[in-house]
Amino acid sequence: MKRQLQIVLGILITFVAVAIVFHSCKPGKEAVKSEAVEAALATYVPPGDLDEFYLFYSGGHSGNIFVAGIPSMRHICTIPVFTPYPSTGYGFDAETKKMLGGYTWGDAHHPALSETNGDYDGRWLFINDNANNRIARIDLKDFKVKQILGPIPNLSGNHGSTFVTENTEYVTIATRFSVPIPKGTYVPVEEYAKKYHGIVALVEVDPKTGEMRMDEKHGFQVLMPPFNFDLGDAGKGPSHGWVFWTCYNSERATGILEITASQNDRDYIAAVNWKKAEEYLKQGKYKIINGVRVIDPKEAPGVVYLMPCAKSPHGVDVSPDGKWIVGSGKLQSITTVYNFEKMLKAIENKDFVGEEDGIPVLRYESVREAEVPVGLGPLHTQFDDKGYAYTSLFVESAIAKWKLGTWEVVDKIPIAYNIGHLCVPEGDTKHPAGKYVIALNKLSHGRHLTVGPSQPEASQLIDITGEKMKLLYDAFTEPEPHYAKAIRADKLKDKVIEVYQKGIDNKNPNAIWDEKDAKVVRKGNTVEVWMIAVRSRFQPWKIEVNQGDKVIIHLTNIEQTTDELHGFAICEYDINVVVDPGETKTIEFVANKPGVYPFYCTNFCSALHQEMQGYLLVKPKGGAGVAQK
Ligand code: K7E
Ligand code: CUA
């Protein structure tokens, strides 16, 4: 209670202070105007010019990733990930439907760009689904989802995900909610503290293909106490080989966590030595639970340590040089910096103050380097190219800029309003690009034209090239932004393709490239169609089937010209697929509705786009010409 009072008082003092500062140095009209002009010019990307960075920001429970350009902040495209998206036909063709596995949404929080030697390599983008315990991988060659792994066994609420290790050996996963393990077991919630478990884990990534694997031979999980695991980050440089996760509810409480899980002054950061874990895996020191390898720290000393962290920590972020681990307690006014070297020393000296289910707890004073007085409600930290760190302050609604090494707070900028994550381009790599920080805000109160009770979210672009941070631009973001990653656009320049080249990028065995290969083949009750789309026709343009037949259409867009997409929709059959130039997609459905159903191209493609159409003719059962209703 006393703590809460302190926090409320702190907020009040901050508000008054901010008000005074704003009042006393209100700039004149002319100064405001010139500042606005300067800011406008800084974000202006003239028609025909291109942005300097790609920004990939998560769409939260929309299940999507949004792509914007920096500094224009223009929304460039939406990458549908966990949610069907008719505008690209995602989730309508057989392959993407299968990938979605029957789920119609996801809760996407943390995108991660693949890394080589601790820097973005522009190959893949990963993102977690907190709700259905999955991870998706997007290929940055064509900005499309290539794999969705999961629901992953034993995981419940995959929040501490996805963060990649230095060479994308692994992507992280972690449970936000503890449950009895193996998942599917029933244990009364009264036995939570003893019989429920958390899991932190690493999914193996194939270095060539990017394929993610978690099974009896790949990846592993670590059985943890029933804490709520929150966020993670992988070590780099000297700390390569380690992954760090924050957790709250070290109280092992249930019920109204708002109160019950905020009792302890400190919770933890779990430090996992995955190189050590690999040794145990080699020795066979693990159990298979639900088809995956699970290490019990009690039987595998040296794999996990806990570092006390005040208080209900949220973000954990490793500095570019890999020496500092920054943990932010969201109910505090400080952020804690841990010294990786000191952590190793404390482990060596067995400088422990206790244990949790056999996991040693390191002495706080021995591993902590500094407590940085950033302000109220620190959440996440990013780094620039000049040795500064930027921490988002939710309660205070601000970003604090502070210096690594001296630990002094050198600047602060108010955010409108309550910031969650923030993103410096390449700001979690060994070589941050700096220049900007993007504030991803949870609330926006009047920053946009009103559109009803659900107010659009805002993100803000801030210049960090000078001593003082400067607000440049307010942009709309689709709900609900969490983390974002930004990469130098030139890193993708030679990687992204705009056409699937026949025989090179499209090796689909069902692709056809000539109208004369178009055909309709019946096998029993299955009608299989090989179809082409090209300006401005489908071939075949007529598909005749019997009611109840299974229909399979392999549709190839034989165009080899950029931006020549075609769509394929069948009226009242709830089908809409889009094929990019040179792409083949397969559509499967049962023709259960009798009658004549036009199909047509949904994606504008030429002056004769309206003419691009055909018919699905479904003969009613019994062979009569008119369907009986
Ligand atoms: Cu801070 Cu899910 Cu990363 Cu949102 S979490 S803010
Ligand atoms: Cu093809 Cu419109």
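Here is a list: Gly329, Gly315, Gly354, Gly375. Which entry is small (Gly, Ala, Ser) and touching a Pro at 6+ places or on another chain (Cβ under 6 Å)?
Values: Gly315 fails: touching a Pro at 6+ places or on another chain (Cβ under 6 Å); Gly354 fails: touching a Pro at 6+ places or on another chain (Cβ under 6 Å); Gly375 fails: touching a Pro at 6+ places or on another chain (Cβ under 6 Å).
Among Gly329, Gly315, Gly354, Gly375, only Gly329 is small (Gly, Ala, Ser) and touching a Pro at 6+ places or on another chain (Cβ under 6 Å).
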Which number in (1) loosely packed, with under 13 Cβ neighbours inside 10 Å; (2) within 16 Å of ligand 1 (Cβ to nearest atom) marks the one condition that Gly503 misses?
-> (2)
Qualifying positions in segment 214-253 - modelled with pLDDT of 95 or more, in contact with a helix residue (DSSP H, G or I) (Cβ under 8 Å, 6 or more places away or on another chain), closer than 27 Å to Tyr192 by Cβ and assigned to a loop (DSSP other than H, G, I, E, B) | Pro226
Exactly one of Ile76, Ile70 is assigned by TED's automatic domain parsing to the domain that holds Cys423 and buried (at least 23 other Cβ atoms within 10 Å of the Cβ), and that one is Ile70
Criterion: within 21 Å of the chain's Cα centre (by Cα), within 16 Å of ligand 1 (Cβ to nearest atom) and open to solvent by less than 10 Å² (accessible area, probe 1.4 Å) - qualifying residue of Gly219, Gly232 | Gly232
Among the residues of segment 569-594, how many are without any contact (Cβ under 8 Å) to a residue 40 or more places away in the chain and within 16 Å of ligand 2 (Cβ to nearest atom)?
-> 2
Lone unmet requirement of (1) more than 18 Å from the chain's Cα centre (by Cα); (2) open to solvent by 50 Å² or more (accessible area, probe 1.4 Å) for Pro479 = (1)
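Within segment 586-626, work out how many residues are outside any strand (DSSP E or B), surrounded by fewer than 18 Cβ atoms within 10 Å (Cβ to Cβ) and either polar (S, T, N, Q) or within 16 Å of ligand 1 (Cβ to nearest atom) (or both). Give the steps one after another, and end with the answer.
Kept after step one, since they are outside any strand (DSSP E or B), are these residues of segment 586-626: 591-594, 601-612, 620-626.
Retained after the next criterion (residues that are surrounded by fewer than 18 Cβ atoms within 10 Å (Cβ to Cβ)): 592-593, 604, 606-611, 620-626.
This time we only want the ones that are either polar (S, T, N, Q) or within 16 Å of ligand 1 (Cβ to nearest atom) (or both), so: 592, 606, 610.
Residues in segment 586-626 being outside any strand (DSSP E or B), surrounded by fewer than 18 Cβ atoms within 10 Å (Cβ to Cβ) and either polar (S, T, N, Q) or within 16 Å of ligand 1 (Cβ to nearest atom) (or both): 3 in total.
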Find the residue count for segment 546-559, including only residues that are under 18 Å from Val618 (Cα atoms) and in contact with a Lys or Arg (Cβ under 7 Å, 6 or more places away or on another chain).
-> 3
Name the strands (runs of 3 or more DSSP E) wholly inside segment 518-564 in which the number of residues that are open to solvent by less than 40 Å² (accessible area, probe 1.4 Å) is 3 or more.
-> 526-534, 550-557
Those residues of segment 1-59 which are of a type in the set (Ser, Thr, Tyr) and modelled with pLDDT of 50 or more amount to Thr14, Ser34, Thr43, Tyr44, Tyr54, Tyr57, Ser58
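When you go through Gln613, Gln539 one by one, which is the residue that is closer than 19 Å to Val520 by Cα and in contact (Cβ under 8 Å) with a residue 60 or more places away in the chain?
Working: Gln539 fails: in contact (Cβ under 8 Å) with a residue 60 or more places away in the chain.
Unique residue meeting the criteria: Gln613.
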Residues that are of a type in the set (Val, Ile, Thr) and either over 21 Å from the mean Cα position of the chain (by Cα) or part of a strand (DSSP E or B) (or both), drawn from segment 42-93 | Thr43, Val45, Ile65, Val67, Ile70, Ile76, Thr78, Ile79
Single unsatisfied condition, Tyr473 versus (1) open to solvent by 30 Å² or more (accessible area, probe 1.4 Å); (2) part of a loop (DSSP other than H, G, I, E, B); (3) within 30 Å of Asn130 (Cβ to Cβ) = (2)
Hey, does segment 454-465 have a residue that's under 27 Å from Thr336 (Cα atoms), open to solvent by less than 50 Å² (accessible area, probe 1.4 Å) and part of a loop (DSSP other than H, G, I, E, B)?
-> yes
Do you know which residues across segment 403-453 are open to solvent by 50 Å² or more (accessible area, probe 1.4 Å), modelled with pLDDT under 95 and over 21 Å from the mean Cα position of the chain (by Cα)?
-> Tyr417, His445, Gly446, Arg447, His448, Leu449, Thr450, Val451, Pro453
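Is there a residue being among the charged types (D, E, K, R), in contact with a Ser or Thr (Cβ under 6 Å, 6 or more places away or on another chain), assigned to a strand (DSSP E or B) and more than 15 Å from ligand 1 (Cβ to nearest atom) anywhere in segment 315-334? Please lay out each step first, then the result.
Within segment 315-334, the subset among the charged types (D, E, K, R) is 317, 321, 323, 330.
Next, from what is left, pick out any that are in contact with a Ser or Thr (Cβ under 6 Å, 6 or more places away or on another chain): 317, 330.
Now narrow it down to the ones that are assigned to a strand (DSSP E or B): 317.
Still in the list and also more than 15 Å from ligand 1 (Cβ to nearest atom): none.
No - not one qualifying residue is present in segment 315-334.
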What are the residues in segment 373-399 that are assigned to a strand (DSSP E or B), in contact (Cβ under 8 Å) with a residue 40 or more places away in the chain and either open to solvent by less than 30 Å² (accessible area, probe 1.4 Å) or within 16 Å of ligand 1 (Cβ to nearest atom) (or both), if any?
-> Pro378, Leu379, His380, Thr381, Gln382, Phe383, Ala389, Tyr390, Thr391, Ser392, Ile399
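The values are calculated or read from the model by the stated rules, or taken from the named source; none is laboratory data. For clarity, every value in this text was computed on a predicted model and none was experimentally measured. Neighbour counts are summed over all protein chains in view; Cβ atoms, including those assigned to glycine, are modelled from backbone coordinates with ideal geometry. The accessibility values were calculated without ligands, DNA or RNA, using every heavy atom of the protein model including side chains. Shrake-Rupley method; radii C 1.70, N 1.55, O 1.52, S 1.80 Å.
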